[in-house]
Amino acid sequence: MKKVMKLFISLSMLVCMSLALAACGGESSNEADVHVFYYQYSDTYISSVRTALDKELTDAGINFQDYDGNGNQTTQTEQIQTAITKGAKALLVNIVNTGSDDAAQGIVDMAKAEDIPVIFFNREVSDAVVNSYDKCAFVGTDAAEAGHMQGVMIGEFLLADFDKYDLNGDGKISYIMFKGEEGNNEAIYRTQYSVEDADKALTAAGKSALEFYDAANKDKYLVDKNGQWSAAAANEYMTTALTAYNEANNNMIELVICNNDGMAEGAITALNAIGYNTGDDKLIPVFGVDATDAAKDLIGAGKMSGTIKQDAEGMAKGLLLLAKNAVDGSDVMAGTDSYNVDSDVAKIRIAYATYLGE
């Protein structure tokens, strides 16, 4: 009986240890040199970055530990504190809170006190934060670039067959915009430039500028209240909007602009429910950002019109280079000559690309 009890206790301990490791992912945190902190595993694009980076680190023989901040800055900061006490050699941080410098600067200060390099990625932190520590860097994109590219893509798409998408024939295209998150540079610039650049193309061709579907909404966007850029939030907003703005009322929403592909998926699901975007001729153009596999499939099926590719693999390779530098004790930015690096701050920019289908 005692042997059985001992065996049961040992098995229980193993199960608990396995569950604890599964909550974080990667290698055992006691052995890890590189600790990677994601703002939220469930974000579709972040999931693709994690998959790519896990492979890069594994192939390079670097021990690492992944953490899910689950959209909570307090949780993420505590995870970073724990990693520092465990002897981390490098911190790779996809920060939760982008609304101010406070969280990022606090993380840099903790890392600096222990002489540990910290590399932020994807969700941009300010130049002031990066410049506050010579072992701090950022790997991400030019926040404005995706908005500009999306705007050009939308303008060209609409001009190719303007009358087809002007469903009520009033000479204007009415649109709905899903922002994703307040205070986030990517969301801010995508919201602004996607419309501005589409308007430039339309007006240059003698067409009217885009018109937000709801004249009472002075912001001219709908934002995910939880800041999660989620398909569920976009689906809920789109479903509600379509009850008043539809074909029967002769004021159907004629264009959907989303700041990521997850929200585009949610909007398309709502459109499917009323017979649009099912792969036939009843199409409301829907545009996103990220070029996720799901978005590519929707574009291929004729249910989505286009997206902007955010290069998860390219970001992972850039992060690997800086992580190796950190672990080897080299200058964090060593060997980055082939990258697009800002002139006055240690920030690497990974280029976007337009995706309209294979």
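Just so it is clear, none of the values below were taken in a lab; they were calculated from the coordinates. Bear in mind the structure is a predicted one, so any value in this text is a computation, not a measurement. Here the Cβ is made from the backbone with ideal geometry for all residues, glycine too, and neighbour counts use every protein chain on show.
Brief remarks follow.
- Computed 3J(HN,Hα) for segment 121-133, one whole-Hz value per residue from the Karplus formula 6.51 cos²θ - 1.76 cosθ + 1.60 where θ = phi - 60°, is 8, 6, 8, 6, 9, 6, 4, 4, 5, 5, 6, 7, 8, glycine and proline marked x.
- Remark: relative contact order (segment 143-310) = 24 percent; criterion is Cα-Cα distance under 8 angstrom and separation of 6 or more residues.
- Among ARG50, ARG190, the order by Cβ neighbours within 10 angstrom, fewest to most, reads ARG50, ARG190.
- The Rg/Rh ratio for segment 114-182 is 1.27, where Rg is the radius of gyration of the alpha carbons and Rh is the Kirkwood radius.
- With θ taken as phi - 60° and the Karplus curve 6.51 cos²θ - 1.76 cosθ + 1.60 applied, the whole-hertz 3J(HN,Hα) list for segment 138-148 is 9, 10, x, 10, 7, 4, 7, 4, 4, x, 4 Hz, x standing for glycine and proline.
- By the count of other C-beta atoms within 10 Å, a proxy for reagent exposure, LEU319, LEU202 are ordered fewest to most as LEU202, LEU319.
- Sorted largest first, the spans of the alpha carbon positions of the chain along the three principal axes are 76, 62, 37 Å.
- Helix axis angle, 73-85 relative to the chain longest principal axis, alpha carbon, degrees: 30 degrees
- Put a dot 7 Å past the Cα of SER343, heading toward its Cβ, do the same for ASP102, and the two dots end up 3.5 nm apart.
- A simple spin-label model places the labels of ALA144 and ALA160 2.8 nm from each other, with each point 7 Å out along Cα-to-Cβ.
- Approximating the spin labels as points 7 Å out from Cα along Cα→Cβ, the SER208-to-SER330 distance works out to 5.8 nm.
- Counting only lysines at least 8 places from LYS172 when in the same chain, those with an alpha carbon closer than 25 Å to its own are LYS164, LYS200, LYS207, LYS218, LYS220, LYS282, LYS303.
- Three-way shape call for segment 143-310 based on the alpha-carbon gyration tensor, with the a/c threshold at 1.5: rounded
- Between 0 and 90 degrees, the angle of helix 261-272 with respect to the longest Cα principal axis of the chain falls at about 40 degrees.
- The stretch between ALA273 and ASP134 holds 44.7 nm of extra length on full extension. This uses 0.36 nm per residue minus the Cα-Cα distance.
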